Amino acid sequence: MEGPSSLFLSFSALQNNINFVRSRVGKKVIISSVVKGNAYGHGIKEFVQLALKCGIKHFSVFSSDEAYEVVDATNGEAQIMIMGEIPHEHLEWAISNNVEFFVFECTRVTEAINEAKRLKSVAKIHIEVETGLNRTGFNESEIAKLIPILHDNQEHIHVKGICTHFAGAESVANHVRIQKQIKRFNKHYKYLLSKGIEPELKHTACSAAAMVYPKTCMDMVRIGILQYGFWPSKETFIDYVSKVKTPDRNDPLKRVISWKSSVMSVKYVTTGEFIGYGTSFLAQQDMKIAAVPVGYSHGYSRVLSNLGRALVNGIRVGVIGLVNMNMMMLDITEVEEVEVGDEVILIGGYNGLEISVASFGELSNQLNYELLTRLPQRIPRKIIE
Ligand SMILES: *Cc1c(COP(=O)(O)O)cnc(C)c1O
């Protein structure tokens, strides 16, 4: 039985976004589609199948459980890379399924070698180097310790890549820090070469870096948020617009996801009444309001209390009062003839009007990522053209 809302994934929007990324990074660079966090809430299985149709042949995930789902959805049609966690007991699975993974600890490397030996196989690794994010990655002295381990076990370990991640490429405020990271990355790379280790691929760029710092694209880009049709930040969009030569300054991205529910109840409230729990919303005029059966338990953030927007019968309306666990209220005073069952668009477009996650105002750049990834797995995902 279906729940009170549905998510729709648009094939043409994804194709558009992939084409856009391709046009920016050039023909030769591999586009790795980042599908961690349940494909940013889009639904890993459905999204991966769509992405394959759009020509994607490389996927990145955070952990081995996510990789497992991608292997399942791709049937060996794509290369899969784990950028973060693999519990020891999953190493065997990763190696025997040809799944590549980041390494950032010598112990991870020796464990991988032991496992590969046991399987009479080869572990494919990406050496993550520390460049200034200070999260995970080998620093200079640790790399030196890694070199002999790699040399001694060449038949069981293949250095597929060298990589790093930037500390906020979506914000101009981090410009200097990013430039330092690029330099330090190149130093690491040269050091490896000088020691006879030749990584096949250099990759550093997430969406923001790929757009703002073209030299970070190297051999492969790891694209998350852009492919879903969102800019990493307003700054990255402005940066793009300032660089394009054509007079068309429209957003070249299209949202892949839309989220729809329907009106559950309509009622009238008179001036001076509070609406919903507590005193967070006071009717300043006579109002018509609609209850919608979507709340924070369905992934609609409480942060959007009194702030979120939705489309009802083609008119943009606001969330009023607190977002409840299973419900929210909309001010539909301006919308004529609303009936129970009418469509409510929480994310998506209608007749040129658009509700994007980012339209919730300044506090919401991070919210794009957060709201999307919190969309529960159990909301059905449907593929549309
Ligand atoms: C999440 C992630 C990305 C993708 O980031 P976007 O900003 O969504 O493009 C790339 N690389 C790493 C290591 C990541 O964790």
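The values are calculated or read from the model by the stated rules, or taken from the named source; none is laboratory data. Values in this document were obtained by computation on a predicted structure and should not be read as measured data. Cβ sites come from the backbone with ideal geometry, for glycine too, and all protein chains shown count toward neighbours. Calculation scope for accessible area: heavy atoms of the full protein, side chains included, ligands and nucleic acids excluded. Shrake-Rupley method; radii C 1.70, N 1.55, O 1.52, S 1.80 Å.
With surrounded by fewer than 17 Cβ atoms within 10 Å (Cβ to Cβ), in contact with a Leu (Cβ under 9 Å, 6 or more places away or on another chain) and either among the hydrophobic types (A, V, I, L, M, F, W, C) or within 25 Å of E155 (Cβ to Cβ) (or both) as the only criterion, which of S64, S96 stands out?
Only one candidate qualifies: S96.
Please list, ordered by residue number, the helices (runs of 4 or more DSSP H) wholly in segment 1-57 having 3 or more residues that are more than 16 Å from the ligand (Cβ to nearest atom) and assigned by TED's automatic domain parsing to the domain that holds R222.
Output list reads 11-25, 44-53.
Six or more apart or on different chains, Cβ under 6 Å: which pairs go from a residue in segment 35-48 that's under 16 Å from I223 (Cβ atoms) to one that's open to solvent by 10 Å² or more (accessible area, probe 1.4 Å) and away from the ligand (no atom under 12 Å from the Cβ)? Could you list them?
So the pair list comes out as I44/N38; I44/E69; V48/A73.
Is there any pair with a first residue in segment 130-155 that is not assigned by TED's automatic domain parsing to the domain that holds K187 and a second that is at pLDDT below 95 and of a type in the set (K, R) whose Cβ atoms are under 9 Å apart and which are 6 or more apart or on different chains, and what are they?
none
Could you list, ordered by first residue, the pairs with Cβ atoms under 8 Å in which the first is in segment 156-180 and farther than 26 Å from V103 by Cβ and hydroxyl-bearing (S, T, Y) and the second is open to solvent by 10 Å² or more (accessible area, probe 1.4 Å) and more than 12 Å from the ligand (Cβ to nearest atom), at least 6 apart or interchain?
Partner pairs satisfying both residue conditions: S171/E235.
Which residue pairs have Cβ atoms under 7 Å apart, sit 6 or more places apart or on different chains, and have a first residue in segment 93-107 that is in the same structural domain as T74 (by TED's automatic domain parsing) and closer than 16 Å to H165 by Cα and a second that is of a type in the set (V, I, T) and within 16 Å of the ligand (Cβ to nearest atom)?
That search, which allows pairs on different chains as well, returns F101/I82; F101/I86; F101/I125; F102/I82; V103/I125; V103/I127; F104/T136.
Inside segment 253-268, can you point out the residues that are modelled with pLDDT of 95 or more, surrounded by 16 or more Cβ atoms within 10 Å (Cβ to Cβ) and of a type in the set (G, A, S)?
S261, S262
Which number in (1) crowded, with 22+ Cβ neighbours inside 10 Å; (2) away from the ligand (no atom under 13 Å from the Cβ); (3) in a strand (DSSP E or B) marks the one condition that V70 misses?
Here V70 clears every test but (3).
Pull out all pairs, ordered by first then second residue, where Cβ-Cβ is under 8 Å, the residues are six or more apart or on different chains, the first lies in segment 67-85 and is assigned by TED's automatic domain parsing to the domain that holds K36 and hydroxyl-bearing (S, T, Y), and the second is in a strand (DSSP E or B) and surrounded by 18 or more Cβ atoms within 10 Å (Cβ to Cβ).
T74/F59; T74/I80
Taking K288 as the residue in question, decide whether it is outside any loop (DSSP other than H, G, I, E, B), modelled with pLDDT of 95 or more and open to solvent by 80 Å² or more (accessible area, probe 1.4 Å).
No.
Residues that are away from the ligand (no atom under 12 Å from the Cβ) and touching a strand residue (DSSP E or B) at 6+ places or on another chain (Cβ under 9 Å), at least 3 per element: which helices (runs of 4 or more DSSP H) completely within segment 108-227 meet that?
140-152, 175-194
Which residues, counting only those in segment 243-256, are more than 14 Å from the ligand (Cβ to nearest atom) and within 19 Å of N368 (Cα to Cα)? Lay out the reasoning, then the answer.
So the first thing to find is which residues in segment 243-256 are more than 14 Å from the ligand (Cβ to nearest atom), and the list is 243-252, 254-255.
Correct list: D251, P252, K254, R255.
Only one residue in I86, I95 is farther than 24 Å from A209 by Cα and within 15 Å of the ligand (Cβ to nearest atom). Which one?
When all the criteria are applied, what remains is I86.
Of everything in segment 195-239, what is of a type in the set (G, A, S) and under 22 Å from G132 (Cα atoms)? Give them in sequence order.
A205, S207, A208, A209, A210, G224, S233
Of Y296, Y240, which residue is free of Cβ contacts under 8 Å to residues at least 40 places away in the same chain, within 16 Å of the ligand (Cβ to nearest atom) and out of contact with any Asp or Glu (no Cβ under 7 Å at 6 or more places or on another chain)?
Among Y296, Y240, only Y240 is free of Cβ contacts under 8 Å to residues at least 40 places away in the same chain, within 16 Å of the ligand (Cβ to nearest atom) and out of contact with any Asp or Glu (no Cβ under 7 Å at 6 or more places or on another chain).
Test A112 against the criterion of being open to solvent by less than 60 Å² (accessible area, probe 1.4 Å), farther than 30 Å from K53 by Cβ and out of contact with any Ser or Thr (no Cβ under 9 Å at 6 or more places or on another chain), and give yes or no. Walk me through how you get there before you give the answer.
Details: open to solvent by less than 60 Å² (accessible area, probe 1.4 Å): yes; farther than 30 Å from K53 by Cβ: yes; out of contact with any Ser or Thr (no Cβ under 9 Å at 6 or more places or on another chain): yes.
Spelling it out, A112 is indeed open to solvent by less than 60 Å² (accessible area, probe 1.4 Å), farther than 30 Å from K53 by Cβ and out of contact with any Ser or Thr (no Cβ under 9 Å at 6 or more places or on another chain).
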